[in-house]
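A quick write-up on the structure given underneath.
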Amino acid sequence: MKQILVNAVAAAAALALSGCATVYRVSETACPEDPAAQYAAPAMRNPVVLVDVKAGGEQADNLAASVRTEVENSLASRGFSVSANERPDSAVSVSLHCRSKDKLADWKLYEGSAEVRVSESGSGKLVASKSFAADGERALDAEKAMKGVEEGLARQILPWLDTALPMRKVALPPPPPAPAAAMVTITPADKSECQMSVLAVQRNFMDFIAAHPGVVDCRLVSEEPAMRVYTFRVAYDPDAFPGGLLNTIVLDAPELGKNIKLEIVR
């Protein structure tokens with residue numbers, strides 16, 4: 001198919017040369033590759049973890065709020081993202097229970113327990129789980145008596161989570177492939193061609209390429225007006241040009257001016 005297109009363009013160019021048409025030569029060269037892009041490290045992000053804490057028994061709401069804060073602050077300090085607005089990679093669920101024990105007049109004493117589970121959010125696979133228990137300190141004030149339970153559970157849960165849920169960066173999905181790019185040069189076969197006429201053809205040619213289906217970007221990158229040479233960088237989707245960039249453009253090109261013909265130079 002590619003050879004057929006090349007032959008068709010060559011035939012058209014030959015016919016043009018036999019008449020009074022002004023011939024413009026177009027050529028294509030590959031864009032230089034960016035060495036840094038070849039060795040770019042994959043983009044990474046911090047892992048996202050969802051923390052779910054439920055509690056039952058006495059002082060349940062206070063206990064749940066306190067343990068949640070301790071767990072989330074610890075995970076955040078290690079580099080985890082604990083935002084509820086992001087899709088989680090892992091989940092930490094904490095089931096708490098608290099009750100009074102050994103009542104003594106107005107003095108209060110609480111004991112608490114926690115079942116902690118770490119799982120993968122995508123598959124739901126259980127990664128690790130463990131039970132913990134802690135006693136508070138006897139006190140007249142219920143909040144002070146509960147403080148010992150909260151701190152006792154946190155002292156056990158947080159170090160265990162360091163091991164059960166290590167902080168590992170997550171690789172972002174690779175970006176979509178970059179469009180192909182080529183350097184396209186246009187110049188009149190006759191270098192004595194009027195410079196204003198050449199400029200008009202160059203502008204029409206650039207506008208035509210930029211509007212062609214499959215072209216992502218087209219910009220002028222260098223020019224030598226005295227030599228009537230203009231070079232563009234064209235970024236395009238290769239799938240939209242199965243016969244090749246220049247073959248397709250030249251065959252599709254309308255009149256770029258009166259009696260203007262394009263000739264591909266290999």
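The values are calculated or read from the model by the stated rules, or taken from the named source; none is laboratory data. Bear in mind that the values here come from a model prediction, so they are computed numbers and not experimental data. Because the Cβ atoms are built from the backbone with ideal geometry, glycine has one as well, and the counts that use them run over all protein chains shown.
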Task: Tally, over segment 224-262, of residues that are surrounded by fewer than 19 Cβ atoms within 10 Å (Cβ to Cβ), among the charged types (D, E, K, R) and assigned to a strand (DSSP E or B) - done: 2
- [ ] Identify, from the list Val67, Val94, Val127, the residue that is out of contact with any Phe, Trp or Tyr (no Cβ under 6 Å at 6 or more places or on another chain), in the same structural domain as Val53 (by TED's automatic domain parsing), crowded, with 17+ Cβ neighbours inside 10 Å and under 22 Å from Asn46 (Cβ atoms).
- [x] Val94
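Just name the residue that is surrounded by the most Cβ atoms within 10 Å (Cβ to Cβ) out of those in segment 179-214 that are of a type outside the set (Lys, Arg) and without any contact (Cβ under 8 Å) to a residue 24 or more places away in the chain.
Taking the candidates together, the pick is Ala210.
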Task: Whichever residue in segment 70-91 is of a type in the set (Ser, Thr, Tyr) and more than 23 Å from Ser131 (Cβ to Cβ) and, among such residues, is surrounded by the most Cβ atoms within 10 Å (Cβ to Cβ) - done: Ser81
